[in-house]
Each structure stands twice: as C-alpha cells, then as structure tokens.
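To start, the structure itself, in structure tokens.
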Amino acid sequence: MPLPTETREAVLTYCDAHLPDDDTAAKMFDFLNEPELQKRLKDELYAARYIYKLGEALSASDGRLHAHVKFQIVQYAAIYEAIIVHLLWTLYRNHPDVTNIEFHSTYKRTGGLSRSLNLTVSDTGEEVVFCVEARQKTSRVSIKFDDKVDAAVKVGFLDGEIGEEIKGFYKLRNAIHIESAIKNDITYEIDSSSLAYRRLQPFLAGARAFVAEGILPEEARIKKSTALSGARAAD
C-alpha cells in the first residue's frame, strides 16, 4: 500500500530537485556516435542519482543503505564499461593495443607419435602428442575487463589512475554474486559509490577531449596521491 500522497510527493520533490535535467544528462554522452547508447547511459545515470537522493531523503543507514549503495555501484560500473567497450571497438578497433587483447595463445594438436610408441605423463597418465602454439581470437565478452581498461589507458582516452579505480568499481559490481562477495570479503560503503560518481566527470571529460582532439586534458587526470586518498576513503 503506497504512502500518503503528501508524503510521496515530498520525497519525490526532494529527489527531483537534485537530479540532472534531460538536456544536461544527454549532453554528458553526446560525444558517442550511437544515439541508443547515449539514451541508455542517460537513463542509467538518472537511475543511479535517483537512488542516491532517495537514500539521502530517507536517511537510510546500515542494511537499508547497503541496498542503495550496491545499486549505485552496479549502475556506475555499467556506465564505465559501456563507454570503454564502445570506444575500443568503434573508433579505436584497429589500434594495436586493442587488437592485442583480442587474441590469446593456444596449442593445436598436429599429430601423435607412431603406433609403436606410447608416451604418457607419469603423474596423470595423459598422452604426449605433438602441438603447435597458435594465436586464437578471443570472444569480446571473454576478454577480462581489466585488460579492456588497460587498453583504454594505452590508447590514451583514459587516465591510468582513474583506470585503476574503475577496475575497483567493477570488482565491487561483480560482487553482486553473493559467493564472490563472501570469497573476497566485499562490503559496500557510501564512499565507494560517491567516488564512482565523482570520477565520472574527469572520465567523460577525458574521453570527449580525446575523441575530438586526440589529447587527454589535465582535468581528465588525477594525481596518484589523490587516487590513493580516494581509495582509502572508499575502503
């Protein structure tokens, strides 16, 4: 059963007053050459900010705050991932640092020994065969996110320190799986989601400028000391 109308209106008015309007949010992503992606990113950002303001309006804490923070981390990690992947495999798909992560080494069997010989590994009993090492293309979804971030840094549209922080956001995002959260002792703190939001501005500024001019501006970089203090605050 919904809350009384006046209560709902008070909460929604508070949230709406602190959310970016459609034009402002849309302009954040207008350097991307895919209209549907722009719209989706705008919607995902709006959702993350709405949940943040809702938690603030309700003064959520403890377990209730955990739910708000967890959702925001998932949203921001998805935004970073979508932009990085889009740029790597559209504008920079032929860059050597992108093609390098598209392949992995594997061994292909070329034949075995003659029938009169039968060599096996003593520990496992596995048959010894002749193989050659080859490079095989990796499915894009199977490429580790850390490798995609490193490629973005090498291409030049992402600052290295921000890249390391984005890897951290993605690790938190992956902890939506309870088994992973327990294994890695993951907890969600408001500082983590706040940092993910704050880093969005320099990240977007850097990507926009690099796409337009091929240069990563100073406002898209953070000093190592700043990154470390931010990471400590997020722990």
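Give the residues of the range 12-33 that are in a helix (DSSP H, G or I) and open to solvent by less than 60 Å² (accessible area, probe 1.4 Å), sorted by residue number.
First pass over the range 12-33, keeping only residues in a helix (DSSP H, G or I): 12-17, 22-27.
If the condition is that a residue be in a helix (DSSP H, G or I) and open to solvent by less than 60 Å² (accessible area, probe 1.4 Å), then 15, 25, 26 are the ones that fit.
Scanning for something within 22 Å of the chain's Cα centre (by Cα), modelled with pLDDT of 95 or more and under 21 Å from residue 192 (Cβ atoms), does the range 33-43 turn up at least one residue? Yes, some residue in the range 33-43 is within 22 Å of the chain's Cα centre (by Cα), modelled with pLDDT of 95 or more and under 21 Å from residue 192 (Cβ atoms). Pairing each residue of the range 15-29 that is over 21 Å from residue 56 (Cα atoms) with any residue that is of a type outside the set (D, E, K, R) and modelled with pLDDT of 90 or more, provided the two are 6+ apart or on different chains, yields C-beta distances under 6 Å for 28/204; 29/38; 29/41.
Any chance the range 80-103 includes a residue that's over 17 Å from residue 149 (Cβ atoms) and surrounded by 18 or more Cβ atoms within 10 Å (Cβ to Cβ)? For the range 80-103, residues over 17 Å from residue 149 (Cβ atoms) and surrounded by 18 or more Cβ atoms within 10 Å (Cβ to Cβ): absent.
Here is a check on your reading of the model: is residue 55 assigned to a helix (DSSP H, G or I), of a type in the set (Gly, Ala, Ser) and loosely packed, with under 12 Cβ neighbours inside 10 Å? Before the answer, list the steps.
On the way: assigned to a helix (DSSP H, G or I): yes; of a type in the set (Gly, Ala, Ser): yes; loosely packed, with under 12 Cβ neighbours inside 10 Å: no.
Here the answer is no, as residue 55 does not meet what is asked.
Look at the range 36-55: where a residue is closer than 11 Å to residue 68 by Cβ and a partner is open to solvent by less than 40 Å² (accessible area, probe 1.4 Å) and outside any helix (DSSP H, G or I), sitting 6+ places away or on another chain with Cβ atoms under 9 Å, you get 50/19; 53/19; 54/60. Scanning the range 178-193 turns up at least one residue that is buried (at least 18 other Cβ atoms within 10 Å of the Cβ) and either at pLDDT 95 or above or in contact with a His (Cβ under 6 Å, 6 or more places away or on another chain) (or both). Screening the candidates 36, 9, 44 for the property of being within 20 Å of residue 75 (Cβ to Cβ) and open to solvent by 70 Å² or more (accessible area, probe 1.4 Å) yields one hit, 36. Evaluated against (1) on the phi < 0 side of the Ramachandran plot; (2) surrounded by fewer than 19 Cβ atoms within 10 Å (Cβ to Cβ); (3) at pLDDT 80 or above, residue 163 falls short on exactly one condition, (2).
Taking the criterion of being of a type in the set (Ser, Thr, Tyr), closer than 21 Å to residue 197 by Cβ and more than 17 Å from the chain's Cα centre (by Cα), would at least one residue in the range 87-102 satisfy it?
no
Note on the range 60-86: residues that are among the aliphatic types (A, V, I, L, M) and under 22 Å from residue 33 (Cβ atoms) total 6. Consider only pairs whose beta carbons are under 8 Å apart and that are at least six residues apart or on different chains; among these, list those whose first residue lies in the range 206-226 and is closer than 17 Å to residue 161 by Cα and modelled with pLDDT of 95 or more and whose second residue is open to solvent by 80 Å² or more (accessible area, probe 1.4 Å) and not in a helix (DSSP H, G or I). Going by the 8 Å Cβ cut-off, the qualifying pairs are 206/221.
The values are calculated or read from the model by the stated rules, or taken from the named source; none is laboratory data. Bear in mind the structure is a predicted one, so any value in this text is a computation, not a measurement. Counting neighbours? That spans all protein chains shown, and the Cβs are built from the backbone with ideal geometry, glycine included. Surface accessibility is based on the protein's heavy atoms, side chains included, excluding ligands, DNA and RNA. Shrake-Rupley method; radii C 1.70, N 1.55, O 1.52, S 1.80 Å.
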